[in-house]
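These notes concern the structure reproduced below.
The values are calculated or read from the model by the stated rules, or taken from the named source; none is laboratory data. These numbers come from a predicted model, not from an experiment. Using ideal geometry, Cβ is built from the backbone for each residue, glycine included, and neighbour counts are taken over all protein chains shown. Surface areas here come from the heavy atoms of the whole protein model, side chains and all, with no ligands, DNA or RNA. Shrake-Rupley method; radii C 1.70, N 1.55, O 1.52, S 1.80 Å.
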Amino acid sequence: MEKQTYITQLNTLLSSYQLHYQNLRSLHWNIKGQAFFELHLKYEELYTRTQVIIDDLAERILSIGETPLSRFSDYTSNSTIKENPIIHDGKTGVSYILKAQNDLLAIEKTILDLSGEVSDEGTNSLMSDLIGEKEKTNWMFKAWLEH
């Protein structure tokens, strides 16, 4: 495997998290309805966690001797997640989160495989942790949508 393919995947994940972060902020600001209090707090929890993940990813890229993308124009052109329209409805917001997390999960699984090929245990560990976290929260979001 070519190293550039690996770095491209890491920067795609970083870019996708950046767009996801902004979408989560928008959900937090614009939620309305009966689930307002519950989701306003959940969205804040999610975007706060996403900030930490973004920093961890950028620092991981730096620690393997590469340069993380850092311009918003690069994020928008490299992200698998696109900007959302304004969303007020809770079910629509949670459905977005579930889809976005599945998109992120697919990239993380690809990177997990690639990091194993190049014996990059640090990235492998980070991806493994993110995958486990997402699989659990996806179960919770699916359960919430069923109520």
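Here is how the numbers come out for the structure above:
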| item | result |
| --- | --- |
| Any chance Thr76 is touching a residue at least 60 places away in the same chain (Cβ under 8 Å), assigned to a helix (DSSP H, G or I), open to solvent by 50 Å² or more (accessible area, probe 1.4 Å) and not aromatic (Phe, Trp, Tyr) | yes |
| Condition check for Ser128: of a type in the set (Gly, Ala, Ser), open to solvent by 40 Å² or more (accessible area, probe 1.4 Å), within 16 Å of the chain's Cα centre (by Cα) and farther than 21 Å from Leu39 by Cβ | yes |
| Odd one out for Lys136, checked against (1) in a helix (DSSP H, G or I); (2) more than 27 Å from Gln4 (Cβ to Cβ); (3) open to solvent by less than 40 Å² (accessible area, probe 1.4 Å) | (3) |
| Members of the range 113-147 that are under 15 Å from Asp56 (Cα atoms) and of a type in the set (A, V, I, L, M) | Leu126, Met127, Leu130, Ile131 |
| In the range 39-58, the residues that are over 15 Å from Tyr96 (Cβ atoms) and in contact (Cβ under 8 Å) with a residue 40 or more places away in the chain | Ile53, Ile54, Asp56, Leu57, Ala58 |
| Per-region count, the range 111-128, residues of a type outside the set (D, E, K, R) and farther than 17 Å from Ile53 by Cα | 5 |
| Restricting the range 28-73 to residues that are charged (D, E, K, R) and in contact with a His (Cβ under 8 Å, 6 or more places away or on another chain), the residue that is surrounded by the fewest Cβ atoms within 10 Å (Cβ to Cβ) | Lys32 |
| Some residue of the range 92-110 being in contact (Cβ under 8 Å) with a residue 12 or more places away in the chain, touching a Leu at 6+ places or on another chain (Cβ under 7 Å) and open to solvent by 50 Å² or more (accessible area, probe 1.4 Å) | yes |
| Glu83 vs. criteria over 24 Å from Ile31 (Cβ atoms), outside any helix (DSSP H, G or I) and of a type in the set (Asp, Glu) | no |
| Total residues in the range 50-73, condition more than 28 Å from Phe36 (Cβ to Cβ) and in a helix (DSSP H, G or I) | 11 |
| Of all residues making up the range 1-22, the number that are touching a residue at least 40 places away in the same chain (Cβ under 8 Å), open to solvent by 10 Å² or more (accessible area, probe 1.4 Å) and either closer than 21 Å to Tyr47 by Cβ or not in a helix (DSSP H, G or I) (or both) | 5 |
